[in-house]
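Trainee: Mind having a look at this structure? Questions to follow.
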Amino acid sequence: MKIGVIADDFTGASDIALTLAEGGMRTAQFVGIPDAETDVEAGVVALKSRTIPAEEAIDQCLAACNWLLSQGAEQIIFKICSTFDSTDAGNIGQVAEALGTHLEAKHILTCPAFPANGRSVYMGHLFVGDVLLNESGMQDHPLTPMKDADLRRVLGRQTTWPVAHLPQAVVSQGPAAMARALPSERAMIIVDAISDADLCTIGRAARGQKLLTGGSGIALGLPANFGATPATPPWAGIFGPGVVLSGSCSRATRGQVAHYKTSAPSVEIKADDVMSGSVQLDEIVAWTLDQPIAPLVYSSADPHVVAKAQATYGREAIADKIETLFADLAAVLAEKGVKRIVVAGGETSGAVVTGLKAQTLHIGPKLAPGVPALRHGDIALALKSGNFGAEDFFTTALRDMETTR
């Protein structure tokens, strides 16, 4: 293994796995920490650590790091969301600090930029499209509301390490200029990137760095450091019944839900119904299997609806109930012969993969920027971060899962 990745959720894991696979590295995504050796050039350990307390996240990430090192990993990436999903309480900074200390890293280059999906970092601030992060809808995220676009401040509230900044004007001058601009002391460093070219420069500058933190874009230039050349992952089409499961409440996903509902059957899973116990798994399964085309089962409410439910029942209680429902639903549908499953939302994706008892996911071609086709046995999966994908993503993903490449 050359590159080892610790991903803080399942959609992020598949996102960066696609980047590394397209960079020409033999890549596998693991669900949790494997208990066996592996023979890949890039290994991605998918955890569900984004929203858990910092101490628990640190323990899980250090364990994953040690397994990756035992497989020969020469460089570790702590993969976070391209919208820096966190809270002032953490846990991006705390985990990065623990990993950096463990690996004896002096500098931790940190960049969540993903220009292909509209995420850029400029003057230390994270933009989504042409608006600041805290004006993009992420300020209303039910689990990790992002109310500050200045990543230097966000990270500084989570770590005891100094937080420095490399502006785009330095990045544009190349790896040598970046090296000269690095601080003499230990630091986490927010690095600007507004284009793929900037990310490739960061990748070249990261040669020999023990630890990087960022979105999948930070891996764009890394495979070349290990002699890899770009490639398209192969894919044999998978046919059979399909379903779309959506638990994300992001603006993009709500738009995708609204679009898909105009041409496909759908059923909404409401927080009140889940908490009251009136939602019956067997009824949802029967309804899903009875539809002539891939139906949509969703719990993607508007922010004010989510906030009201959280105030009534508690954030964690609702999340646990809904995730358990999606996990159980995915497991039963797979047993009943569903072969294509599109999932929206990191927490929902983690629940679905857990329900399927998947251990290793094989990386297929790109369905959308940041979203690969994944194979689990004879089942095709698409694990979509809430903010990713065009309005018609559900339709195109289901279709492209059937296409051999």
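Bear in mind that the values in this text are calculations on the coordinates, not laboratory data. Just so it is clear, the structure is predicted and the values come from calculations on it, not from any experiment. Every residue, glycine as well, gets a Cβ built from its backbone with ideal geometry; the counts of neighbours run over all protein chains shown.
Trainee: Could you pull the Rg and Dmax for region 136-184, using just the Cα atoms, both in Å?
Mentor: 14.7, 42
Trainee: Same structure again: From zero up to wherever the largest Cα-Cα distance of region 242-400 sits, split into 10 Å bins and tell me the percent of pairs in each.
Mentor: 11, 44, 37, 8, 0
Trainee: For the chain, give the magnitude of the charge dipole about the Cα centre (Cβ charges: +1 Lys/Arg, -1 Asp/Glu; no others), in debye to the nearest 20.
Mentor: Here the size comes out at about 840 debye.
Trainee: Tell me, how many Å apart are the Cα centres for region 327-405 and for region 85-132?
Mentor: So the two Cα centres are separated by 26 Å.
Trainee: OK, next. Going by how many other beta carbons lie within 10 Å of each one, how would you line up Arg375, Arg405, fewest first?
Mentor: By the 10 Å Cβ count, ascending, the order reads Arg405, Arg375.
Trainee: Could you calculate the contour length gain from Ala63 to Arg204, that is, 0.36 nm times the residue separation minus the distance between their Cα atoms, to one decimal place in nm?
Mentor: 48.0 nm
Trainee: When you have a sec, figure out the Kirkwood radius of region 3-226 from all distinct Cα pair distances and drop it here in Å to one decimal?
Mentor: Averaging 1/r across every pair of different Cα atoms and inverting gives 16.9 Å.
Trainee: Here's another thing I want to ask about it. With the contact rule set at Cα under 8 Å and sequence spacing of 6 or more, what percent relative contact order holds for the chain?
Mentor: Once normalised by length, the contact order is 20 percent.
Trainee: Under the definition of Cα pairs under 8 Å and six or more residues apart, what whole-number percent is the relative contact order of region 3-226?
Mentor: It comes to 24 percent, rounded to a whole number.
Trainee: Turning to a different aspect of this structure: Among Thr201, Val352, Ser278, which residue has its Cα furthest toward the positive end of the charge dipole of the chain, with +1 on Lys/Arg Cβ and -1 on Asp/Glu Cβ?
Mentor: Highest projection toward the positive end goes to Thr201.
Trainee: Count the net charge of all other residues whose Cβ sits under 12 Å from the Cβ of Phe326, scoring Lys and Arg as +1 and Asp and Glu as -1.
Mentor: Summing Lys/Arg as +1 and Asp/Glu as -1 gives -3.
Trainee: Taking the Cα centroid of region 3-34 and of region 192-237, what is the distance between the two, rounded to the nearest whole Å?
Mentor: One Cα centre to the other: 12 Å.
Trainee: Mind ordering 87-96, 57-66 by average Cβ neighbours within 10 Å, highest first?
Mentor: 87-96, 57-66
Trainee: By counting other Cβ atoms within 10 Å of each Cβ, how are Asp196, Asp85 ranked from fewest to most?
Mentor: With the sparsest Cβ surroundings first, the list reads Asp196, Asp85.
Trainee: Sort Ser120, Ser14 so the one with the fewest other Cβ atoms within 10 Å of its own Cβ comes first.
Mentor: So the ranking, lowest neighbour count to highest, is Ser120, Ser14.
Trainee: Where the only charges are on Cβ atoms (+1 Lys, Arg; -1 Asp, Glu), what is the dipole of region 256-405 about its Cα centre, to the nearest 20 debye?
Mentor: Approximately 500 debye in magnitude.
Trainee: In addition: Under the 0.36 nm per residue contour assumption, what length would be gained going from the current alpha-carbon distance of Thr101 and Glu335 to full extension?
Mentor: 79.8 nm
Trainee: Quick check: residue separation of Gln359 and His259 times 0.36 nm, minus the Cα distance between them. What number comes out in nm?
Mentor: Result: 32.7 nm gained on full extension.
Trainee: Can you run the Rg to Rh ratio on region 165-224? Use alpha carbon positions and the Kirkwood inverse-distance Rh.
Mentor: 0.91
Trainee: Measure of size requested: the Rg and Dmax of region 161-272, with Cα atoms as the atom set and Å as the unit; please supply both.
Mentor: 21.0, 59
Trainee: Which trypsin sites (Lys or Arg not before Pro) in region 52-120 sit in a loop by DSSP (not H, G, I, E or B) and have at most 15 other Cβ atoms within 10 Å of their own Cβ?
Mentor: Here the trypsin sites (Lys or Arg not before Pro) that fit, given the DSSP loop and packing criteria, are Lys106.
Trainee: Would you mind calculating the relative contact order of region 165-300 from Cα pairs under 8 angstrom and at least 6 residues apart, reporting the percent as a whole number?
Mentor: Relative contact order of region 165-300: 22 percent.
Trainee: In whole Hz, what ³J(HN,Hα) sequence does region 31-41 give by Karplus (6.51, -1.76, 1.60; θ = phi - 60°), x for Gly and Pro?
Mentor: Karplus-based 3J(HN,Hα) across region 31-41 equals 8, x, 8, x, 10, 9, 6, 9, 10, 9, 8 Hz.
Trainee: For the chain, take the alpha-carbon Rg, divide it by the Kirkwood Rh, and send me Rg/Rh.
Mentor: 0.96
Trainee: What nm value, rounded to one decimal, do you get for the distance between Gln173 and Glu185 when each label is placed 7 Å out toward the C-beta?
Mentor: 2.3 nm
Trainee: Here's another thing I want to ask about it. Sort the following peptides by mean Cβ neighbour count (other Cβ atoms within 10 Å, averaged over residues), highest first: 384-390, 247-253.
Mentor: Peptide ranking by packing, descending: 384-390, 247-253.
Trainee: Rank by packing, highest mean first: peptides 315-327, 15-27, with packing defined as the count of other Cβ atoms within 10 Å averaged across residues.
Mentor: Answer by packing, highest mean first, reads 15-27, 315-327.
Trainee: Determine one quarter of the surface area of the Cα convex hull of region 1-121, which equals its mean projected area, and express it in nm² to one decimal.
Mentor: Seen from a random direction, the Cα hull of region 1-121 projects 7.2 nm² on average.
Trainee: Residues of region 137-164 with backbone nitrogen within less than 17 Å of a virtual label 7 Å along the Cα-to-Cβ line of Val131, please, listed as ranges.
Mentor: 137-142, 145-150, by backbone N distance to the label point.
Trainee: Dipole of the chain (Lys/Arg Cβ +1, Asp/Glu Cβ -1, origin at the Cα centre): which of Thr19, Gly43, Gly240 lies farthest to the positive side?
Mentor: After comparing all options, I get Thr19.
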